[in-house]
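So the structure is just underneath, and the comments pick up after that.
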Amino acid sequence: GDLILGLVELLHSLATEYDVDIILATYGGKSYAAAQRSRRRLLVERVGHRMLTTKDLTTEWRFASSTPADLPAKATRLAEAAIDRHLVLFIGAGVSAGAGIPTWKNLLRQVAQEAGVDPGYIKLLEGRDIRDWATLIDRKMNSANAIKHTVADLLQRTQRCSLQHALLASLRSTEAVTTNFDQLFEIASRVADDELAVLPTRPRKSGTSWLLKLHGSVNDPPSIILTRSDYLDMPRNHGALMGLVQGLLLTRHMMYVGYSLSDEDFHELVHEVRRAQGAGGAERATVLTLEADETQVDLWRDDLDIIAMGPVGTDVPIAARELEIFLDLVGFLSTTSAAFFLDPTYRSLTEDESELRDLLSQIAGTTAGAAQDRVAHHVDDFLSALGAPQHDNTVHTARVTAEDLRAGRIRIPSTSTHMRLEQAGPLELDLRETLIEGEWIPSRELHRCGALHLSGPEELAFLVDLGERLMMTVDGQGRLVLR
């Protein structure tokens, strides 16, 4: 706790002295919450140990002079929804643009160029709907799903998420929807140490957070929604799932980021939400945009609260930075001490609630290891969410890298000898309920990872995500099980 507090204080002084942006990247919910609470403590000290006001936030988060003055108030409202777990994120292409992902037209131009489509033909597509671009290029490629596999290959070359991805993944939201094909939000969520279920293809039994990929994903190219016929087939193929999601949205506050208000995808999303809410409707959703547009405000007055980062004509890089500052403020306001409250490592950051902390810590000592049919088990789950130390023997693989996916391998720490992996040789494993043959090659060096090479390496990319760690167990037949 003292270490993070000192680090945050040092970084703040450096940012002030040199007038630069400094990004502190943390791994996991505890360290992130500790860093945010350290920022709060230091800010409270600077303003004289009183309640923070909107003016304090405006002074600390220095938005451009052209930015609307009510941004701190808007951020506070979104933070309250996040704290109550009522905030649903809708993530559009603009979020991935910061990571270098091209716009849809530029992406399709690249696809056409790689497929050898005549440049003159590409020029004829100008002015047409983007879905027609995809349809016509697909026909030129003259191979089933060739365009989707090429799109997936191009997008998978970018494996570093943007700052906006990281800021969004750090918010206290357990539900997100995206029309993006890339896996950058999933990567950012793993850095946040969040076990993310990806719907509809990868629902997980563990974890509480999910991401619905409405238009498919690069790890399953045939699922990608690109052409006109793909869009027309969507209601039939995903109707039941959308109905489930619509039911959830009735009790949530929606925040759209990275969408153009003139985008057809955005119009369809809002229409689906409006239809789910019915005539009575719920509160207006929030849209974060880069620049203000009075006509769009009038058009969406009944459905959306539009928060613009600047007036019409604001340079995109400047407006994008303002959006990142705004999301950082929402994250600051929505972060409590809950993630690390009972972790003695951060004890110095919870002295303001020490009486409650110490009482709950005593209870935690009586509930550890309780059977599932006991009330103590449920209490233990609650205390674990507050950072109470856990004592288990769970073993995980190393994090999956891009090289692992290409090589069709899973790396396992050499210290996992009790998993019966001492000797090299063939073995059968259960990888997410799929039986696969593999070849185990142990490491001869202590604290290094051995390699489990799969006989069907192409299956690995479908069953496992980049950056993921798999939980290892052994079933009753002595077979290695990875989940």
Problem - Rounded to 5, the percent of DSSP beta bridges in the chain classed as antiparallel - result: 45 percent
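Going through the cross-link list K123/K148; K105/K140; K74/K213, which pairs have a Cα-Cα distance over 25 Å in this structure?
Pairs exceeding 25 Å: K74/K213.
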Completion exercise
Full extension between A402 and D373 adds, at 0.36 nm per residue less the Cα distance, a length in nm of 6.3 nm
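Restrict the search to the stretch 116-165; then list the trypsin sites (Lys or Arg not before Pro) that DSSP places in a loop and that have at most 13 other Cβ atoms within 10 Å of their Cβ. Don't jump to the answer; show the numbers that get you there.
Details: sites: K123, R128, R131, R139, K140, K148, R157, R160; in loops: R128, R157, R160.
Hits after loop and neighbour filter: R128, R157, R160.
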Exercise for the section: At 7 Å along the Cα-to-beta-carbon direction for both E458 and S354, put a label point, then send me their distance in nm to one decimal. Expected result: 6.3 nm
Practice task
Could you list which residues have their amide H under 5 Å from that of D305, counting only those 5 or more apart in sequence or on another chain, with H placed in the peptide plane?
Solution key: A285, T286, V287
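Within the stretch 17-82, list the trypsin sites (Lys or Arg not before Pro) lying in a DSSP loop whose Cβ has at most 12 other Cβ atoms in a 10 Å radius.
Values: sites: K30, R37, R39, R40, R41, R46, R50, K55, R62, K74, R77; in loops: R50, R62.
Of the trypsin sites (Lys or Arg not before Pro), the ones in loops of the stretch 17-82 whose Cβ has at most 12 other Cβ atoms within 10 Å are R50, R62.
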Fill in the blank from the handout: Here the gain from full extension of T53 to S66, 0.36 nm per residue of separation minus their alpha-carbon distance, amounts to 2.6 nm
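With the full set of protein chains in place, find how many percent of the accessible area of the stretch 281-348 is carbon and sulfur; take the probe as 1.4 Å.
Details: 1580 of 2940 Å².
Carbon and sulfur together cover 54 percent of it.
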Problem - Heavy atoms of H378 accessible to a 1.4 Å probe, total area in Å² rounded to 10 - result: 120 Å²
Exercise for the section: Could you pull out every residue, at least 5 positions away or on a different chain, whose amide H is within less than 5 Å of the one on E175? Hs are placed 1.01 Å off N in the peptide plane, and Pro or chain starts have none. Expected result: L89, W210
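Enter the accessible area per residue of the chain (Å², integer; probe 1.4 Å; all protein chains in place). It would help to have the intermediate numbers written out before the result.
Numbers: 24640 Å² over 483 residues.
With all protein chains present, the chain gives 51 Å² per residue.
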Fill in the blank from the handout: Normalised Cα Rg of the chain, dividing by 2.2 N^0.38 Å with N its residue count, works out at 1.06
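Roll a 1.4 angstrom probe over the protein heavy atoms and tell me the percent of accessible area of the stretch 95-160 that is carbon or sulfur. Don't jump to the answer; show the numbers that get you there.
On the way: 1650 of 3670 Å².
After summing per-atom areas, the C and S share lands at 45 percent.
The values are calculated or read from the model by the stated rules, or taken from the named source; none is laboratory data. Because the structure is predicted, anything quoted here is derived from the model rather than measured. Counting neighbours? That spans all protein chains shown, and the Cβs are built from the backbone with ideal geometry, glycine included. Note: areas computed on protein heavy atoms with side chains; ligands, DNA, RNA excluded. Shrake-Rupley method; radii C 1.70, N 1.55, O 1.52, S 1.80 Å.
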